[in-house]
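Scroll down for the structure; my scribbles are underneath it.
The values are calculated or read from the model by the stated rules, or taken from the named source; none is laboratory data. Everything quoted here is computed from the prediction, not taken from an experiment. Note that each Cβ is placed from the backbone with ideal geometry, even for glycine, and that neighbours are counted across all protein chains shown.
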Amino acid sequence: MDRISIRGGMPLNGTIPISGAKNSALKVLAAALLSDQTLTLENMPELADTRFMADLLRSLGVSVVWARDSGVATLHAADIASTIAPYDLVRKMRATFNVLGPLLARVGHATVSLPGGCAIGARPVDLHLKAFEAMGADIHIEAGYVKAAALRGLRGARIAFPFVSVGATEHAMLAAVLAQGETILENCAQEPEIADLAACLIAMGARIEGAGSPTIRIVGVTSLQPARHRVLADRIEAGTYAIAAAAACGDVLLAGANADHIGALINRLRAAGVEANVVNEGVRVRRVNGRLDAVDVDTQPFPGFPTDLQAQFMALMTLAKGRSRFKENIFENRYMHAPELTRLGADIAVHGSEAIVTGVDKLVGAPVMATDLRASVSLVVAGLAAEGETVVNRVYHLDRGFERLEAKLKACGAEVERLSG
């Protein structure tokens, strides 16, 4: 099993190109099932998760031609060969569950395994299934599989989500574009990936208004057309490298990053004493010598501070002057990185959904264990700032969400090496 070795203390200086957003790429890949026409996706990140989704789509009959050197994937679901998404494929990550809605909308029935994925909380799919039921689908769960049918087609409906859910918002959108009549989604997630999925669907001929706001209106169409779409830049990757630059006392240009998508992080970085400026090419992050100031973080849905940057920012705050409070409001059980950070010398006390981080003078490298995607990269951030060598084990988590991580860090002066076996 691969590991990553990091020798800390080297400043990061240079340019890091930001890849396409994983969380958007997975959903626009699923959108290919909605049409018998070609969908071409640019800026497609090469990740374990996107490869998993491509494999699942192929098993359903989708032709996937992926030129990885250019980041262009061409998908053609001329015929749906299967409407069954088996456990062996869906268990690898949660986002593969999102083939259910498109299959249901286009073919009228689907059998999809309940999803697997990171162990950071229950994250049930109840809201997804209730949305489909509101659109007229019959849903049954048997032996770990969701069996859904709408043999006369889905119907438009008014769906009010009881709480904000990115996954349920996206999945309901995917199904509603081919439903008969109008669908109104209320209390929707407002993340940039929602608007990106809508832009892709609109390019395919869908009629969608309000994506990125709390209310989305969708008028169903009977068929979709060939389309080309460019996946937006990954705000979580951009935020992670911004934090890494701050941790390593660097000066890094995040090429292609959208400052509007990481505004909450930029505000926290500036409060801690880090320079973060919008430039023509993206966002430039610079930290001069001197101790950081401790700042508090409450995770919230967009445009609040992202839960997917909480672990990375905690790694940064371990070296800040004073005490910072973290409040995790999105997922339970998302402080699994805290014990690993303490192995490097961090002072972290976890109490339920809150964590108190008392800054220390230095971190010292040690072997650590990755527990999930974002936790694993927080250990990389800490390792860049620590004295000596940090070895991060179980880095297959990193491969799920970060494209060419070692190469990007090395290009900016980091001493990072992947160790096999």
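Within segment 52-67, does at least one residue satisfy the condition of being within 30 Å of residue 383 (Cα to Cα) and either polar (S, T, N, Q) or assigned to a helix (DSSP H, G or I) (or both)?
Taking segment 52-67 as the starting set, the residues that turn out to be within 30 Å of residue 383 (Cα to Cα) are 52.
Keeping just the survivors that are either polar (S, T, N, Q) or assigned to a helix (DSSP H, G or I) (or both) gives 52.
The answer is yes; a qualifying residue exists.
From the list 325, 270, pick out the single residue that is assigned by TED's automatic domain parsing to the domain that holds residue 238, in a strand (DSSP E or B), among the basic types (Lys, Arg) and closer than 30 Å to residue 214 by Cα.
Details: 270 fails: in a strand (DSSP E or B).
Of 325, 270, the one residue that is assigned by TED's automatic domain parsing to the domain that holds residue 238, in a strand (DSSP E or B), among the basic types (Lys, Arg) and closer than 30 Å to residue 214 by Cα is 325.
Taking the conditions exactly as written (in the same structural domain as residue 199 (by TED's automatic domain parsing), surrounded by fewer than 16 Cβ atoms within 10 Å (Cβ to Cβ) and not acidic (Asp, Glu)), does residue 70 satisfy them or not? Quick ask: steps written out before the conclusion?
On the way: in the same structural domain as residue 199 (by TED's automatic domain parsing): yes; surrounded by fewer than 16 Cβ atoms within 10 Å (Cβ to Cβ): yes; not acidic (Asp, Glu): yes.
Criteria met by residue 70.
Can you tell me which residue in segment 180-194 is nearest to residue 236 (Cα to Cα), limited to those that are touching a Leu at 6+ places or on another chain (Cβ under 8 Å) and surrounded by fewer than 24 Cβ atoms within 10 Å (Cβ to Cβ)? Quick ask: steps written out before the conclusion?
Of the residues in segment 180-194, the ones touching a Leu at 6+ places or on another chain (Cβ under 8 Å) are 180, 192-193.
Cutting the leftovers down to surrounded by fewer than 24 Cβ atoms within 10 Å (Cβ to Cβ) gives us 180, 192.
Values: 180: 36, 192: 11 Å.
So, considering only residues that are touching a Leu at 6+ places or on another chain (Cβ under 8 Å) and surrounded by fewer than 24 Cβ atoms within 10 Å (Cβ to Cβ), the one nearest to residue 236 (Cα to Cα) is 192.
Give me the helices (runs of 4 or more DSSP H) completely within segment 122-203, filtered to those with at least 1 residues that are over 23 Å from the mean Cα position of the chain (by Cα), ordered by residue number. Don't jump to the end; show me each part of the working.
Numbers: elements: 126-134, 166-176, 192-203.
Where helices (runs of 4 or more DSSP H) fall fully within segment 122-203 and carry at least 1 residues being over 23 Å from the mean Cα position of the chain (by Cα), they are 126-134.
Restricting segment 236-271 to residues that are polar (S, T, N, Q) and under 20 Å from residue 45 (Cβ atoms), which is surrounded by the most Cβ atoms within 10 Å (Cβ to Cβ)? Talk me through it step by step, then tell me what you get.
Looking only at segment 236-271, we keep the residues that are polar (S, T, N, Q), and these are 240, 258, 267.
Still in the running and under 20 Å from residue 45 (Cβ atoms): 240, 258.
Details: 240: 29, 258: 19.
Per the stated criteria, the residue is 240.
Under the condition of being buried (at least 21 other Cβ atoms within 10 Å of the Cβ) and without any contact (Cβ under 8 Å) to a residue 60 or more places away in the chain, which residue from segment 293-319 is farthest from residue 236 (Cα to Cα)?
Going through segment 293-319, the residues buried (at least 21 other Cβ atoms within 10 Å of the Cβ) turn out to be 297, 299, 305-306, 308-319.
Then drop every residue that is not without any contact (Cβ under 8 Å) to a residue 60 or more places away in the chain, which leaves 297, 299, 305, 317.
Numbers: 297: 16, 299: 14, 305: 11, 317: 18 Å.
Among those that are buried (at least 21 other Cβ atoms within 10 Å of the Cβ) and without any contact (Cβ under 8 Å) to a residue 60 or more places away in the chain, it is 317.
Give segment 1-26 a look and list any residue that's touching a Lys or Arg at 6+ places or on another chain (Cβ under 8 Å), more than 30 Å from residue 115 (Cα to Cα) and crowded, with 23+ Cβ neighbours inside 10 Å, or say none.
16
Within segment 354-421, which helices (runs of 4 or more DSSP H) (wholly inside it) include 2 or more residues that are modelled with pLDDT of 95 or more and touching a helix residue (DSSP H, G or I) at 6+ places or on another chain (Cβ under 8 Å)? Step through it out loud before you land on a result.
Working: elements: 373-385, 396-401, 405-410.
Fully inside segment 354-421 and qualifying: 373-385, 405-410.
What residue, of 289, 280, is at pLDDT 95 or above and surrounded by fewer than 20 Cβ atoms within 10 Å (Cβ to Cβ)?
Details: 289 fails: at pLDDT 95 or above.
Criteria check complete, one pass: 280.
What tally of residues in segment 224-277 results from selecting those that are more than 18 Å from residue 19 (Cα to Cα), among the hydrophobic types (A, V, I, L, M, F, W, C) and free of Cβ contacts under 8 Å to residues at least 60 places away in the same chain?
Summing the residues that are more than 18 Å from residue 19 (Cα to Cα), among the hydrophobic types (A, V, I, L, M, F, W, C) and free of Cβ contacts under 8 Å to residues at least 60 places away in the same chain in segment 224-277 gives 8.
Per-residue answers, yes or no, for (1) closer than 22 Å to residue 412 by Cβ; (2) more than 23 Å from the chain's Cα centre (by Cα); (3) assigned by TED's automatic domain parsing to the domain that holds residue 240; (4) of a type in the set (Asp, Glu):
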residue	(1), (2), (3), (4)
11	yes, yes, yes, no
38	no, yes, no, no
41	no, no, no, no
46	yes, no, no, yes
52	no, no, no, no
56	no, no, no, no
59	no, yes, no, no
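Filter segment 361-415 down to the residues that are within 21 Å of the chain's Cα centre (by Cα) and of a type in the set (Ser, Thr, Tyr), then identify the one that is surrounded by the most Cβ atoms within 10 Å (Cβ to Cβ).
378
Right, residue 29: farther than 25 Å from residue 188 by Cα and either buried (at least 20 other Cβ atoms within 10 Å of the Cβ) or of a type in the set (Phe, Trp, Tyr) (or both) or not? Before you say what the answer is, go through the steps one by one.
On the way: farther than 25 Å from residue 188 by Cα: no; either buried (at least 20 other Cβ atoms within 10 Å of the Cβ) or of a type in the set (Phe, Trp, Tyr) (or both): yes.
When the stated conditions are applied, residue 29 does not pass them.
So which residues in segment 101-126 are touching a strand residue (DSSP E or B) at 6+ places or on another chain (Cβ under 9 Å) and either at pLDDT 90 or above or farther than 27 Å from residue 77 by Cα (or both), if there are any at all?
Filtering segment 101-126 for residues touching a strand residue (DSSP E or B) at 6+ places or on another chain (Cβ under 9 Å) gives 101-104, 108-114, 125.
Listed by number, the residues that qualify are 101, 102, 103, 104, 108, 109, 110, 111, 112, 113.
Can you tell me which residue is nearest to residue 189 (Cα to Cα) among those in segment 273-311 that are in a helix (DSSP H, G or I) and touching a Leu at 6+ places or on another chain (Cβ under 9 Å)? Let's see the steps before the verdict.
Start the filter on segment 273-311 by keeping residues that are in a helix (DSSP H, G or I), which leaves 307-311.
With the extra rule that they be touching a Leu at 6+ places or on another chain (Cβ under 9 Å), the set shrinks to 308-309, 311.
Values: 308: 15, 309: 18, 311: 22 Å.
Checked segment 273-311; the qualifying residue nearest to residue 189 (Cα to Cα) is 308.
Pairs, please: C-beta under 8 Å, at least 6 apart or cross-chain, first residue closer than 11 Å to residue 207 by Cβ and in segment 165-187, second surrounded by 24 or more Cβ atoms within 10 Å (Cβ to Cβ) and of a type in the set (Ser, Thr, Tyr)?
Note: pairs meeting the criteria are 176/183.
Do you know which residues across segment 204-260 are in contact with a helix residue (DSSP H, G or I) (Cβ under 6 Å, 6 or more places away or on another chain) and in a strand (DSSP E or B)?
208, 211, 218, 227, 229, 252, 254, listed by residue number.
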